[in-house]
Amino acid sequence: MSQVRVEIDGHTYRMSCDPGEEQRVEALARELDKTIRTLKGRIGEIGDRRIAVMAALTVLDRLDIAESRVAELTEQNARLERARERAALAAEADDEPLIARIDAATAAIERLTSEINAQVRTAQSDGGEPEGASFSAAQRHTPAAPPMDDRAAETPPAQSGALNRRPGEEGPDGPGTVPGFARRR
């Protein structure tokens, strides 16, 4: 046990407490001293015993109010927690159709991926590639750009009007030389 010296209403007291609790006991003594001084300021000198009883009642009143408030807050917290749980369940139920649609889309993508992979494996085992199964196959089927003549090579496309023509389309400066995806629409 530790010993603490505290001063309350001008009197010094020795109090016993557990080790490490000294500061807490000192803080409580200061709070009690403040309560007694406040009561004496309002009521005046009525004797040490009566003022100590009034201070004890005042402190107990504060404790009762605090305990009531804690009970109210605990009940409010419980109501809020129940409301949160209901909202979470409702949100989960609202998400179920969306989750089912996402699962269906995922399954369809997986099925298509599996089919494409099977076609690629079959084509590779046969020594060829299925139509459009790879980038190299797509390149083989892309038409080549028409050759450029000397005049088109000297004049930038923006000046020649080639941006407004399709590849191979004749214009005043010769055939268009810009790929279809680069022309103005």
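Proximity of backbone amide H atoms, modeled 1.01 Å from N, is registered between ILE8 and TYR13 at under 5 Å, excluding neighbours fewer than 5 places apart on the same chain. Scalar couplings 3J(HN,Hα) for the stretch 40-45, obtained by applying the Karplus form with A = 6.51, B = -1.76, C = 1.60 to θ = phi - 60°, are 4, x, 7, 9, x, 6 Hz; x denotes Gly and Pro.
For a test of the definition: using alpha carbon positions, the gyration tensor, and the 1.5 limit on a/c, classify the stretch 1-49 as rounded, prolate or oblate. The shape class here is prolate.
Given a 1.4 angstrom probe, what's the average accessible area per residue across the stretch 1-96, in square angstrom?
Result: 79 Å² per residue.
In this simple spin-label model, placing a label point 7 Å from the Cα along the Cα-to-Cβ direction at both THR113 and LYS34 gives a separation of 6.6 nm. Shape class for the stretch 1-87: oblate, because the ratio a/c of the largest to smallest gyration tensor axis (alpha-carbon atoms, square roots of eigenvalues) is 1.5 or more and b/c is at least a/b. The apolar share of the surface of the stretch 1-98, taken as the fraction of accessible area on carbon and sulfur atoms (1.4 Å probe, ligands and nucleic acids excluded), comes to 54 percent.
Full extension of the chain segment joining ARG82 with ASP126 gains 9.4 nm, where the gain is 0.36 nm per residue of separation less the Cα-Cα distance.
Evaluating 6.51 cos²θ - 1.76 cosθ + 1.60 at θ = phi - 60° for every residue in the stretch 73-80, the Karplus couplings come out as 5, 5, 5, 4, 4, 5, 5, 5 Hz, glycine and proline recorded as x.
Could you work out the local net charge near CYS17, counting Lys and Arg as +1, Asp and Glu as -1, over the other residues with Cβ closer than 10 Å to its Cβ? Counting the neighbours of CYS17, the net charge comes to -3. Each label was represented as a point 7 Å from its Cα along the Cα-to-Cβ direction; for ILE102 and VAL59 these points are 5.8 nm apart.
Just add up the charged neighbours of LEU73: K/R +1, D/E -1, any other residue whose Cβ is under 14 Å from the Cβ of LEU73.
Spelling it out: positives minus negatives among the neighbours equals -2.
The values are calculated or read from the model by the stated rules, or taken from the named source; none is laboratory data. This one's a predicted model, so the numbers in the text were calculated from it and none came from an experiment. In this analysis, Cβ positions are derived from the backbone assuming ideal geometry, glycine residues included, and neighbour counts consider all displayed protein chains. Please note that ligands, DNA and RNA were not included when accessible areas were found on the heavy atoms of the full protein model with its side chains. Shrake-Rupley method; radii C 1.70, N 1.55, O 1.52, S 1.80 Å.
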